[in-house]
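Report on the following structure.
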Amino acid sequence: MPLAIENYALIGDLHTGCLVGTDGSIDWLCLPRFDSASVFGALLGDPDHGRWLVAPVDAASTSTRSWVEDTFVLVTRWTTPTGIVEVTDLMPVGDRRADVVRRIRGVEGTVAMHVDLRIRFDYAAALPWVRQVPDGDDVALLAVAGPDAVVVRGPRLTAVDHAHQAEFDVAADETVDMTFTWYPSHREPPAGVDVQAALDKTVSWWRDWASRSEEPTAYAAEVRRSLLLLRALTNEDTGGIVAAATTSLPEQRGGARNWDYRYVWLRDASMTLQALMLHGYADEAQKWRQWLLRAIAGDPADVQIMYGLAGERTLTESELPHLPGWEGASPVRLGNAAYQQYQGDIFGEVMVALHEARELGVTESAASWPLQRLLMQFIEDNWTRPDNGIWEIRGEPRHFTHSRVMIWAALDRAVSGIEQHGLDGPVERWRSLREEVRREIEEKGWDAERGTYTQHYGSSEVDASLLQLAQVGFVAPDDPRMLGTVAAIEHDLMSDGLLLRYRTESGVDGLDGAENPFLTCSFWLVEQWARSGRLAEATALMDRLIGWSNDVGMLSEEIEVATGHHLGNTPQALSHLALVRAADAIGRARDADGGPVSQDV
């Protein structure tokens, strides 16, 4: 069985990432990109679906772990009855290869170590042909299946029932290195990795990137790690930002709400971009904007809500029945049918992000404003359409209030581009449409009896996404209409002190089953409280949310409050970028109150 979701830590090379368990097993790895097929898939099944275990032989061993400061180099320290050993795991950055490095170093005494390697290409559908091959003065393990190949170097491994295993002793000050390198099977195996050089370069790269962050005034350590996680989910070549590193981790134990998040959502990527920009990362804004221009180039009518890492447009959803799923939650899905949905809110998120880039001094390129004008033309022609909304409902499209507000935000930022930055466009027409959209929202998306904005027109339901109305400036955080909406959200959606996205029992999403509190929504509530004078409550909730981070500071999509277990895909970009926003809001509120400027818990 796979571990609890919170027992995994990410290592990555800016193209893909491994999930390393507290037991020393890499149970998830897709090569060479996040959205490639897995070579280790035990996360969604059992060890025979692919894993790489490196751990002490003694079952009584205990471990602690941490990332090397400001990096994605993971150090696990094992304490055994006979000694102490450290395993350092990393994926080297900057070498244009797909390598996993595991360094085993003796600290005290002598420790017997065990290796269990099970290579399973194509989501465990392809058992490779594995053989020992000469490698200089040594022997390497070579595994091939179809287009994929890996070469494994280190202690000699022995075949045991479709696995490859080894046992060896590591004494104090002794080092044993293992490397795992993927390459296209039609090429020759790449040369070995200089482990020390790769380690030094990787640590240096991550620390240099982290050092360019503008220090927040609250929750500095948590914000710093969240920004690093957002960068780790960003492809260094294309600029695409995946929503999470995994597929099909369930929103409810044993449930079917299991989705593939290894793609680039315009919404999530836009919000991630805002979080990075506000902390000093203008280069990332430039690169993501270029990704956007490439991905959505052409007819705005063809704009999708999500794409592959390089802008791929076809993300056909299918099921992998040979994988039983995490703790039996099925189906396991590949691809995501939501790419074919219309979601009107994405235009707002994109325009808001590009507006903030302008505000921070990122100059328009020759193509970026013309593209934005095309998006605005599409909005003018389609703003009245019902859509599937921010949560990608698979039920009947509706007129979601949040989506309409985001269309208002797109128009508002387009007008600001002309009024504040001297860009060209039909400003009078956009101003007029902006006011028309606002009038419609106030008329059809407002429930006067309850004193709240509604989830969609004609409904009395509320939705946590309405917390974004103040974020984009549609209403002020302390406006009575916003306060009424917050009160309704707290009444209807609060579960054990955290927020659900919406009431699944309303049937709006067309799906069976329920889900757990959605971390992003609770971070949005922190931000709202901090901006509307409820700083003590905001801080208390923030502390509680951060308390659910795992031992290395990672958050998934949802929390099972009764147990504290993580659920949903991980690490979740939306959770971490919402954490950054919430921390910033608390920092500004503290500064305004003249209170403490950093976390004191």
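The values are calculated or read from the model by the stated rules, or taken from the named source; none is laboratory data. Worth saying up front: this structure is predicted, and the values here are computed from it rather than measured. Virtual Cβ from ideal backbone geometry, glycine too; neighbours counted across all protein chains shown.
For the reader, a short list of remarks on this structure follows.
- Taking (1) surrounded by fewer than 16 Cβ atoms within 10 Å (Cβ to Cβ); (2) within 24 Å of Pro480 (Cβ to Cβ); (3) in contact (Cβ under 8 Å) with a residue 12 or more places away in the chain in turn, Ser532 satisfies each apart from (1).
- Any hit, region 351-364, residues being in a helix (DSSP H, G or I) and free of Cβ contacts under 8 Å to residues at least 60 places away in the same chain: yes
- Test: residue in region 282-292 that is assigned to a strand (DSSP E or B), outside the structural domain of Asp70 (by TED's automatic domain parsing) and in contact with a strand residue (DSSP E or B) (Cβ under 9 Å, 6 or more places away or on another chain): no
- If you go through region 59-93 and keep only what is charged (D, E, K, R) and buried (at least 17 other Cβ atoms within 10 Å of the Cβ), you end up with Arg65, Asp70, Glu86, Asp89.
- All conditions but one from (1) touching a strand residue (DSSP E or B) at 6+ places or on another chain (Cβ under 9 Å); (2) crowded, with 17+ Cβ neighbours inside 10 Å apply to Asp551; the one that does not is (2).
- Residue pairs whose Cβ atoms lie under 7 Å apart, sitting 6 or more positions apart in sequence or on different chains, and linking a residue in region 40-58 that is outside the structural domain of Leu10 (by TED's automatic domain parsing) to a partner that is in a strand (DSSP E or B), do not occur here.
- When Thr79 is tested against (1) hydroxyl-bearing (Ser, Thr, Tyr); (2) in contact (Cβ under 8 Å) with a residue 24 or more places away in the chain; (3) more than 23 Å from His15 (Cβ to Cβ), only condition (2) is not met.
- Restricting region 503-534 to residues that are part of a helix (DSSP H, G or I) and among the polar types (S, T, N, Q), the residue that is nearest to Gly587 (Cα to Cα): Gln528
- Some residue of region 566-588 being modelled with pLDDT under 95 and β-branched (Val, Ile, Thr): no
- Flag if Val176 is modelled with pLDDT of 95 or more and of a type in the set (A, V, I, L, M, F, W, C): yes
- Residues in region 451-496 that are of a type in the set (Asp, Glu) and within 19 Å of Glu537 (Cβ to Cβ): Asp478, Asp479, Glu490, Asp492, Asp496.
- No other residue among Leu320, Leu375, Leu354 is farther than 25 Å from Gly568 by Cα and touching a Pro at 6+ places or on another chain (Cβ under 8 Å) apart from Leu375.
- All of Asp447, Asp463 fail the test of being at negative phi, in the same structural domain as Thr384 (by TED's automatic domain parsing) and in contact (Cβ under 8 Å) with a residue 60 or more places away in the chain, apart from Asp463.
- Matching residues, region 5-49, being in a loop (DSSP other than H, G, I, E, B) and over 26 Å from Ile241 (Cβ atoms): Thr22, Asp23, Gly24, Gly45, Asp46
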